[in-house]
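As structure tokens, the structure follows; a few thoughts come after it.
The values are calculated or read from the model by the stated rules, or taken from the named source; none is laboratory data. Note that the structure is a prediction, hence the values are computed from the model and not measured. Note that we place each Cβ from the backbone using ideal geometry, even for glycine, and neighbour counts take in every protein chain shown. Each accessible area value is taken on the protein alone, full model and side chains, heavy atoms only, with ligands, DNA and RNA left out. Shrake-Rupley method; radii C 1.70, N 1.55, O 1.52, S 1.80 Å.
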Amino acid sequence: MKENPAPSLEYILHEFDQCVDLIHRKFPLLAADILYFDHLIDKNELEREILQPFANVQADEMGPLLSGSPFNASFNSKEIVLGILKGDAAIFHDSCVYLVALYGPSNRSIEQSETETVIIGPHDAFTESAFTNLSLIRRKLRSSHLKVIQLSVGEVVKSDVFVLFIEGIVNMEYVNEMIKRIRDIEVDIISDSNMLVQHIDDYPNTIFPLFLTTERPDVIVSKLSGGRLVVIMDESPSVISGPTSLFEFFMSPDDYYQHWVIGTATRILRYIAFVITITFTAIYVSITTYHYEMIPENLLYTLIESRSRVPFPPVFEALLMEITIELLREAGARLPSKIGQTIGIVGGIVIGQAAVQAGLTSNILIIAVALSAIASFVIPSYVMSASIRFVRFFLIILAGIWGNFGLMIGISVIVIHLTKLTSLGSSYITPIAPLKVNDWRDIFIRGPFWMLKDRPSQSRTRNKVRNKMKR
Amino acid sequence: MKERLYASHITLLVFMIQTGVTALSLARSAAMYFGTNGWISILILGGVASVNIMLIGIVNRMCGGESVFAVMAKSLPRFVTIPIYLVFTVYLALIGCMVGKQYIHIFQLIAFPTASTFMLKACFDLMVIFLVTKGIYNIGKAATVFSILILWMVFLLFAFSNDFEFDRMSPFVFKQGHHMLRGAVDMFAAFAGYELILFVMPYADKSKKWIRSVQTGNLMTTLTYFSFVFISFGFFSLDQLKIMLYPLLDMLAYIQLPFVERLENLLFSFLLFTVVITVGMYIWSACESAQQVFPKANRNVMVVFIVFVSFLISILPDTLFQLELVLKYLTYGETAFSFGFPLFLILLLMIQKRSEVKARA
């Protein structure tokens, strides 16, 4: 059979051979046939747009009926196949084919995000439907300047991808670069935006996320108004925003819904949590292995008493407990929430207590490891939190080998690695390098709104001012 | 989206290249060579470095931000420039590797008496390769992040506010010192490194702020050294300072927090950030020079080769004493280079300008 022959019922039926879920309805009196997938269409729409009009016309009235809306004539077999797969009904009449958009499968309703919860502020989250997600954004951002470009990815299975930006605010260089990267993807199937993001990364081998993914519409709206662009993928609740800097992963919408003093304090707390997560266990290993002189005398007795029964060097002790914590976290994440809680209790209390009593580990290490783990969950982005936890192991091993020197070597390597990274070609460590002190008031603190006058410099927007108020 | 080295990058890069382990013994040198109120010498040396930077500024203005190699190539034949570039490469790489080795030796002295310097230095050099292969823009960015990670240490000086005594100062200036001139040259090593900025000129943002940012970097270094040395003069007596190997480390050892003490150990580790930038910039400059001799050579391979050879050379000095002696002579040459090379370039540029005028006439 030819690759793309003239559209005919036989060809389309051949294409969908052995697809029992394809519905084929025949209307012999009207000389018409309809093909569609029952589970992809809205049945009320089918009734209203096709079945009722067909019931009220004679065979000779079919021509005028099909020439109007919502019937779109199609002359391309591939387009018809794709249309049926996307939830259209294909009507075959008199060697012509018409497509009617009836897409309306049952979707998950708009719910609260489980991975990005906030205490105050809107609670709605994106769903798997791109159109629902677009509607959530449009409802919050009612502007004709919000533009949406549709693309598709996947060679075998085409998935819809939408690029969103605010005209006049976004730097079009970023938009063009993003469109180019999406068009350049040559993969059979991409089923989620978290997979898509790995195909458009500037550096695919880094463990740090180079684009922000979120399930929250309010975050996306703030990114769009800040001059960033957004990518929505159909069938994925995660929405991509870029260009991104490392520090954006430490921001939460909560910071803006609370008073700026509280927002600032919380943000600083997150940076402290970041430092604790990365270094706390490594410092414990470094000090207890090589630098006992750094511990004050009073604390030294407690530490020595605590470590006296432990037969392993601190680095093994720390790695053992860190891996245990990771096992507990992973088990908790894979299990239903009620059993997950039990795992937490069994792991946290029983194993922790038993490990100390058995002399496998010291009390102080348990505190250090638990504190590092808790601190890692303070970081709002799960993806960034996972990256940071991974980096921690690297530092613990280096601290075990060379103490403080190893720790600093590790930190230096991470910093050098970060300097190389870019997101859509812009520095990942903006606003530290390039140094943009003006941006610091919305990065390291959450300044009062009168202070947040300009859009982030990373957006490279021409329309810099976002707030003209004096206070 | 082409990257540039902005003024802020240049400032912090100069600050990071200059600042190094020499700062630890600066108070001792000031006390030994200049005697009473030796801290004033820091301001004088900072001023001398500033004058030298003005010379570099003149070079930059005359050549319009062009590469120094291009300036030399215009006036000198290749058979003359090639040996000069080779000498630059060897000399700069040598200084870089010795500075790195000095840091490793001191670290070993205070924290790891039994560890192998060979392994520590190998690890350090791997990091230098990792940095230099990223290119000058990323070195500039790394210098910015590292400087933020160490600048907070200046606030530690407030910890000595109770122990600082003006009684330890003297109304006499530069008494009880000896070999002041030789000492000044020795101490000038603490400021050296800014001359590498000559090689950075073509990569910098083409603005008039360029030389101002180099001066600001030098000012930052001078003020940082000044504050440490001044506090040391008020914290220790002159005679104590003269016999202390690293007064700054001894001073930091006095800081005690409820949960940690002997902070000098940890704080010295932070100096790794500045040393890696210093060494990285020397190796990068050596590569820039070598690239003129071997223009088609792969840059990353060249970096690995230079670091590897300099690593082998750095094995030779066994003790910290030997190493500091080698470094002392190397920095004499570097001081001569930092003044002589800009003057030489100014001379070349003047000749080029004159011949251009003649050609036009």
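Name the residues whose placed amide hydrogens come within less than 5 Å of the amide hydrogen of A:Ser152, ignoring near sequence neighbours (fewer than 5 apart) on the same chain.
A:Val161
Please give the FRET efficiency for B:Leu181 paired with A:Tyr203, using the beta carbon to beta carbon distance and R0 = 45 Å, rounded to the nearest 0.05.
That gives a FRET efficiency of 0.30.
Restricting things to Cα coordinates, could you compute the convex hull volume per residue of the protein assembly as shown in Å³?
For the protein assembly as shown, the hull spanned by Cα atoms encloses 247 Å³ per residue.
Would you mind calculating the gained length between A:Lys147 and A:Ile374 on full extension (0.36 nm times residue separation, minus the Cα-Cα distance), in nm to one decimal?
Separation in residues times 0.36 nm, less the Cα-Cα distance, equals 77.7 nm.
So which aspartates and glutamates can A:Lys78 reach, going by Cα to Cα under 14 Å and dropping same-chain residues fewer than 8 places off?
Partners found: A:Glu3, A:Glu10, A:Glu15, A:Asp88, A:Glu155.
Between region A:26-104 and region A:305-336, how many Å separate their Cα centres?
Here the two parts' Cα centres lie 62 Å apart.
Out of residues 5 or more away from A:Ile41 or on other chains, whose amide H comes under 5 Å of its own, with H placed 1.01 Å from N in the peptide plane?
A:Gly104
Tell me which residues come under 5 Å, amide H to amide H, from A:Leu141 once H is placed; ignore anything under 5 positions away on its chain.
none
In the structure displayed, which of A:Lys436/B:Lys141; A:Lys223/A:Lys468; A:Lys223/B:Lys141; A:Lys420/A:Lys464; A:Lys180/B:Lys134 lie more than 23 Å apart, Cα to Cα?
Checking Cα-Cα distances, A:Lys223/B:Lys141; A:Lys420/A:Lys464; A:Lys180/B:Lys134 exceed 23 Å.
Highest mean first, what order results for A:312-321, B:289-298 on Cβ atoms within 10 Å?
The densest-packed peptide leads the list: A:312-321, B:289-298.
If you place +1 on the Cβ of every Lys and Arg, -1 on the Cβ of every Asp and Glu, and leave all else neutral, what size is the dipole of chain B about its Cα centre, to the nearest 20 Debye?
Magnitude of the dipole: close to 1580 debye.
Of the heavy-atom accessible surface of the protein assembly as shown (probe 1.4 angstrom), what whole percent is carbon and sulfur?
63 percent
Counting Lys +1, Arg +1, Asp -1, Glu -1, what net charge surrounds A:Ile295 among other residues with beta carbon under 14 Å of its beta carbon?
Taking every other residue near A:Ile295 into account, the sum is -2.
Using only atoms on other chains, find how many Cβ atoms lie within 10 Å of each Cβ of peptide B:252-260 and report the average.
2
Count, for each residue of B:264-272, the Cβ atoms from other chains sitting within 10 Å of its Cβ, then give me the mean as a whole number.
Across B:264-272, the average partner-chain Cβ count within 10 Å equals 5.
With label points built 7 Å along Cα→Cβ from the Cα atoms of B:Gln240 and A:Lys43, find their separation and express it in nm.
9.1 nm
Taking only protein heavy atoms into account and a 1.4 Å probe, give the accessible area per residue of region A:9-101 in Å².
Value returned for region A:9-101: 55 Å² of accessible area per residue.
Computed on protein heavy atoms with a 1.4 Å probe, what is the summed buried accessible area for the chain pair A and B, in Å² to the nearest 100?
Using a 1.4 Å probe, the pair buries roughly 3200 Å².
Keeping all protein chains in the complex and leaving out DNA, RNA and ligands, what accessible area do you get for B:Val301 with a 1.4 Å probe, in Å² to the nearest 10?
Answer for B:Val301: close to 90 Å² accessible.
Between B:Lys242, B:Lys209, B:Lys74, which gets the highest mean-square fluctuation from a Gaussian network model of chain B, Cα cutoff 10 Å?
Its mean-square fluctuation being the largest, the pick is B:Lys74.
Rank A:His123, A:His93 by accessible area, highest first, at a 1.4 Å probe radius?
A:His123, A:His93
With bins 20 Å wide starting at 0, give me the P(r) of chain A over every alpha carbon pair, in whole percents.
Each 20 Å bin holds this share of Cα pairs: 19, 42, 28, 9, 1, 0.
Kindly report, to the nearest 10 Å², the accessible surface of A:Tyr292 as traced by a 1.4 Å probe over protein heavy atoms only.
The accessible area of A:Tyr292 comes to roughly 80 Å².
Pairing the Cα long axis of helix B:40-63 with the longest principal axis of chain B, what angle in degrees results, from 0 to 90 and rounded to the nearest 10?
Once rounded, one gets 10 degrees.
Let me know the whole percent of all Cα-Cα pairs from region A:130-244 that are separated by more than 16 Å.
Roughly 55 percent, rounded to a whole number.
Looking at chain A, do any whole DSSP H helices span at least 24 angstrom along their long axis by alpha carbon and average -1.0 or above on Kyte-Doolittle, and which?
Qualifying helices, which must be both long enough and hydrophobic enough, are A:260-289, A:314-334, A:382-420.
A:Gly352: net charge of surrounding residues, Cβ under 15 Å, Lys/Arg +1, Asp/Glu -1, itself excluded?
Combined, the nearby Lys, Arg, Asp and Glu give -2.
Once a ≥ b ≥ c are taken as the square roots of the eigenvalues of the Cα gyration tensor of region A:259-426, is the result rounded (a/c under 1.5), prolate (a/b larger than b/c) or oblate (a/b not larger than b/c)?
The shape class here is oblate.
Let me check against my output: what whole-number percent is the relative contact order of chain B, with C-alpha pairs under 8 Å and at least 6 apart?
Reported as a whole number, the value is 42 percent.
Rounded to the nearest 10 Å², what accessible area does A:Glu116 have for a 1.4 Å probe in the complete protein model?
Ignoring ligands and nucleic acids, A:Glu116 comes out at about 40 Å².
Give me the net charge for the shell around B:Asp318: Cβ to Cβ below 13 angstrom, other residues only, Lys and Arg +1, Asp and Glu -1.
Its environment carries a net charge of +1.
What's the average, rounded to a whole number, of partner chain beta-carbon atoms within 10 Å of each residue's beta-carbon in A:289-302?
That average works out to 3.
From the helices alone, meaning DSSP H stretches of at least four residues, give me the mean residue ellipticity at 222 nm for chain B, per-run term -39500 (n - 2.57), in deg cm²/dmol to the nearest 500.
Computed mean residue ellipticity for chain B: -24000 deg cm²/dmol.
Can you list the aspartates and glutamates whose alpha carbon is less than 18 Å from that of B:Lys296, not counting same-chain residues fewer than 8 positions off?
Within the straight-line limit of under 18 Å, B:Lys296 reaches these aspartates and glutamates: B:Glu288.
Using every Cα-Cα pair within chain B, state what percent have a distance larger than 34 Å.
26 percent
Kindly identify residues of region A:394-419 having a loss of at least 30 Å² in accessible area between the isolated chain and the assembly of all protein chains, probe radius 1.4 Å.
A:Trp402, A:Asn404, A:Phe405, A:Met408, A:Ile409, A:Ser412, A:Val413, A:Val415, A:Ile416, A:Thr419
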